Amino acid sequence: MPNNTVIEELRLEHITKRFPGVLACDDISLSVGKHEVLALVGENGAGKTTLMNIVMGLYQADEGSMFINGEKVSFKSPNDAFAYGIGMVHQQYMLVPNMTVLENIALGMKDSWHFTVDLSSVRKRIEEISDHYGLKVDPDAFVWQLSVGEQQRVELVKTLCLGAKFLILDEPTSALTPQETDELIVLLKNMSRELSIIFISHKLNEVKALSDKVSILRHGRVVFNGRTADYSPSEIAALMTGHEVEIASNNSEKTKGKDVLVIENLVVKSDRGFNALDGFNLTVKEGEIVGLAGVSGNGQRELAEAINGIRKTESGKIIFYGEEIQNLTPNGVIKKGMGYIPEERNTEGIVPSMSIKENIILKDSDGRFSSHHILKNKEIEKYASTLRESYDIRSPHIFVAAGSLSGGNIQKVILAREIDRNPKFLVCVYPIRGLDMGAAEFIHRLLLDLRNKGVGILLISEELEEIMNLSDRIAVIFKGKNQKMMDAKEATTDKLGILMAGVNDED
Ligand SMILES: Nc1ncnc2c1ncn2[C@@H]1O[C@H](COP(=O)(O)OP(=O)(O)OP(=O)(O)O)[C@@H](O)[C@H]1O
Ligand SMILES: [Mg+2]
């Protein structure tokens, strides 16, 4: 039985996987040894997730084999992988929203003899794992109430509760706060003394801090293998993209436009019933990027949703171009010219079963692409194809379901739709989450272009570097209040960090 097998080496040989019109993995060979950390990097759509899904038995390779300790294995489902102690934390979380954290974790832990689960023992196991690794989760919270970051933490706890000794982590830090990321990296580094890890990330400082080896994928092929210690992050970046990546930054003069979004004393409840926004104030001017820094869970999600008509406000005002828009319908807000890049790309950003083409025109119900209730298909196809090209959405064509795209490419579909509709204002929540470095830089340039055309932008992010590079002014949100508003030139990481922790020197 494989149950207690210690994995001395997991080796992939000549793995090839095709999807209709896509060669996702092309003759990939690599290996991971005991207590070794392999970083798997590469641009969006390079084949990283697909390869890991093959290791987990979720997909079957068309060609090639997998070996554990030199013995050929063939996994038909994740259960087979679990039997060897291989567990994966997925890029797109796979929890059941209307069940609690405890129930979700228990789902994978049924007693194979009795087909039952003793919830109190699962609760105990969760407590042990969270204590041991310092991963805090609330077992009784419903998953639908959790932020993406919290859900990712639950996934990790779940995988560890199942007894994984070989961890596959697909962009585990993309939804974590910088502090959480630092903590997770330290934690994983410690865990790597007991476990083997395959770690996928677009952030090369993490790759550098954590991994022993790095493999770079491009268009489904391994184009580089090396020891991480021998290369600097910028050398890895150059190997990955084939060129130097410049950082886009806002060097233009401060704008003197009029206020276009004014938020006054806004009170909005969270899903859990407390005041997530508790007298929040903010203004954004025409042609200005206001960065909203803060640790996620301090009201950012509720703010973005309230502005876009998705969440009811209790009191206060949202004034857009002089008109009150609080509690307007989402469609009403869209018609006013608001663009929105939401946090949850798969549920709020796209309709996964619809094609790229349909997702691109999702918000244009105003006759731009239809006449007498009939869609102008030729025009739509032309438009969607143009965007697919200019935003480099990696897909065989525009007719594939958006849900089948790689994580970063789904994000590009949303960005293309929202940016190219020429919004009057844009609310961006973590806009570059999951994007590779080249794509992130491209999007940052587009945001700066929009700003220069006079569009106001509210940039909600936890990446202080992103906020400081792009913003004209920066606000810090803490417990539903705007702690402080400052000129971006005055901001430093330290200053923002202190404000994000709730300390305000003017208190
Ligand atoms: N189930 C599927 N059906 C069809 N095509 C798929 C499917 N899964 C992945 N693909 C395609 O395979 C290619 C590789 O995707 P994959 O998700 O492995 O990329 P990735 O390297 O993980 O990218 P990202 O950094 O954006 O997450 C993409 O072109 C993607 O559209
Ligand atoms: Mg992926």
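The values are calculated or read from the model by the stated rules, or taken from the named source; none is laboratory data. Note that the coordinates shown come from a computational prediction; the quantities given were computed from them, not determined experimentally. Every residue, glycine as well, gets a Cβ built from its backbone with ideal geometry; the counts of neighbours run over all protein chains shown.
Taking into account only those residues within the range 8-61 that are part of a strand (DSSP E or B) and of a type in the set (Ser, Thr, Tyr), which is farthest from ligand 1 (Cβ to nearest atom)?
SER31
Somewhere in the range 197-208, is a residue closer than 22 Å to GLY87 by Cβ and more than 16 Å from ligand 2 (Cβ to nearest atom)?
Taking every residue of the range 197-208 in turn, at least one turns out to be closer than 22 Å to GLY87 by Cβ and more than 16 Å from ligand 2 (Cβ to nearest atom).
Picking from ILE318, ILE310, which residue would you name as being in contact with a helix residue (DSSP H, G or I) (Cβ under 9 Å, 6 or more places away or on another chain), assigned to a strand (DSSP E or B) and in the same structural domain as ASN469 (by TED's automatic domain parsing)?
Only one candidate qualifies: ILE318.
If the Cβ limit is 8 Å and pairs must be 6+ apart or interchain, which residue in the range 273-288 that is more than 7 Å from GLY480 (Cβ to Cβ) pairs with which residue that is in a strand (DSSP E or B) and small (Gly, Ala, Ser)?
Listed pairs, sorted by first residue: GLY279/GLY316; LEU282/ALA475; VAL284/GLY456; LYS285/GLY456; GLU286/GLY456; GLY287/GLY456; GLU288/GLY456.
Criterion first (within 16 Å of LEU459 (Cβ to Cβ) and surrounded by fewer than 24 Cβ atoms within 10 Å (Cβ to Cβ)) does GLU286 satisfy it?
Yes: the conditions hold for GLU286.
Tell me which residues, restricted to the range 70-102, are part of a helix (DSSP H, G or I) and either touching a strand residue (DSSP E or B) at 6+ places or on another chain (Cβ under 9 Å) or over 17 Å from LEU156 (Cβ atoms) (or both).
Listed by number, the residues that qualify are PRO78, ASN79, ASP80, ALA81, ALA83, VAL101.
Does GLU180 satisfy being over 19 Å from MET56 (Cβ atoms), within 16 Å of ligand 2 (Cβ to nearest atom) and buried (at least 18 other Cβ atoms within 10 Å of the Cβ)?
It is false that GLU180 is over 19 Å from MET56 (Cβ atoms), within 16 Å of ligand 2 (Cβ to nearest atom) and buried (at least 18 other Cβ atoms within 10 Å of the Cβ).
Just to check your reading of the model, which residue among GLU253, GLU206, GLU194 is assigned to a loop (DSSP other than H, G, I, E, B), closer than 30 Å to GLY163 by Cβ and of a type in the set (Asp, Glu)?
Unique residue meeting the criteria: GLU194.
Can you name the number of the only condition in (1) free of Cβ contacts under 8 Å to residues at least 24 places away in the same chain; (2) touching a strand residue (DSSP E or B) at 6+ places or on another chain (Cβ under 6 Å) that GLU171 fails?
Of everything listed in (1) free of Cβ contacts under 8 Å to residues at least 24 places away in the same chain; (2) touching a strand residue (DSSP E or B) at 6+ places or on another chain (Cβ under 6 Å), GLU171 misses just condition (1).
Which numbered condition in (1) surrounded by 18 or more Cβ atoms within 10 Å (Cβ to Cβ); (2) in contact (Cβ under 8 Å) with a residue 40 or more places away in the chain; (3) in a loop (DSSP other than H, G, I, E, B); (4) not hydrophobic (A, V, I, L, M, F, W, C) is the only one that GLU246 fails?
The number of the failed condition is (1).
Taking the range 451-473, which residues are of a type in the set (A, V, I, L, M) and over 22 Å from the mean Cα position of the chain (by Cα)?
VAL455, the sole residue that qualifies.
Have a look at LYS357, LYS363 and point out the one that is in a loop (DSSP other than H, G, I, E, B), more than 19 Å from HIS444 (Cβ to Cβ) and away from ligand 2 (no atom under 16 Å from the Cβ).
Criteria check complete, one pass: LYS363.
Name the single residue that is nearest to ALA501 (Cα to Cα) among those in the range 152-163 being more than 16 Å from ligand 2 (Cβ to nearest atom) and crowded, with 21+ Cβ neighbours inside 10 Å.
Only one residue tops the list, namely ARG153.
Can you go through GLY434, GLY454 and tell me which one is more than 16 Å from ligand 1 (Cβ to nearest atom), in the same structural domain as LEU277 (by TED's automatic domain parsing) and on the phi > 0 side of the Ramachandran plot?
Only one candidate passes the filter, namely GLY454.
Please count how many residues of the range 121-174 are outside any helix (DSSP H, G or I) and within 16 Å of ligand 1 (Cβ to nearest atom).
Going through the range 121-174 one residue at a time, the tally reaches 7.
From the list HIS14, HIS35, which one is in contact with a Gly (Cβ under 7 Å, 6 or more places away or on another chain) and not charged (D, E, K, R)?
Only one candidate passes the filter, namely HIS14.
Take the residues of the range 58-92 that are buried (at least 20 other Cβ atoms within 10 Å of the Cβ) and closer than 25 Å to ARG345 by Cβ: which is modelled with the lowest pLDDT?
The residue in question is GLN91.
Out of the helices (runs of 4 or more DSSP H) lying entirely within the range 382-474, which hold 2 or more residues that are within 16 Å of ligand 2 (Cβ to nearest atom)?
In the range 382-474, 407-420, 437-452 are the helices (runs of 4 or more DSSP H) which contain 2 or more residues that are within 16 Å of ligand 2 (Cβ to nearest atom).
From the list ALA488, ALA402, pick out the single residue that is under 18 Å from the mean Cα position of the chain (by Cα) and either outside the structural domain of PRO20 (by TED's automatic domain parsing) or at pLDDT 95 or above (or both).
It is ALA402.
Restricting to the range 378-396, give me the number of residues that are under 24 Å from the mean Cα position of the chain (by Cα) and surrounded by fewer than 14 Cβ atoms within 10 Å (Cβ to Cβ).
Within the range 378-396, residues that are under 24 Å from the mean Cα position of the chain (by Cα) and surrounded by fewer than 14 Cβ atoms within 10 Å (Cβ to Cβ) number 3.
Out of (1) over 19 Å from the mean Cα position of the chain (by Cα); (2) in a helix (DSSP H, G or I), the odd one out for ILE216 is which?
ILE216 satisfies every listed condition except (2).
So which of GLY87, GLY70, GLY45 is at positive phi, touching a residue at least 24 places away in the same chain (Cβ under 8 Å) and touching a helix residue (DSSP H, G or I) at 6+ places or on another chain (Cβ under 6 Å)?
None of the other options fit; the residue is GLY45.
Scan VAL55, VAL122 and give me the residue that is more than 16 Å from ligand 2 (Cβ to nearest atom), surrounded by 19 or more Cβ atoms within 10 Å (Cβ to Cβ) and of a type in the set (Val, Ile, Thr).
VAL122
Where the second residue is β-branched (Val, Ile, Thr) and outside any strand (DSSP E or B) and the first is on the phi < 0 side of the Ramachandran plot and lies in the range 28-42, which pairs have Cβ atoms under 8 Å and are six or more apart or on separate chains?
These pairs meet every condition: LYS34/VAL6; LYS34/ILE7; ALA39/VAL207; ALA39/THR228; VAL41/VAL207; VAL41/ILE236.
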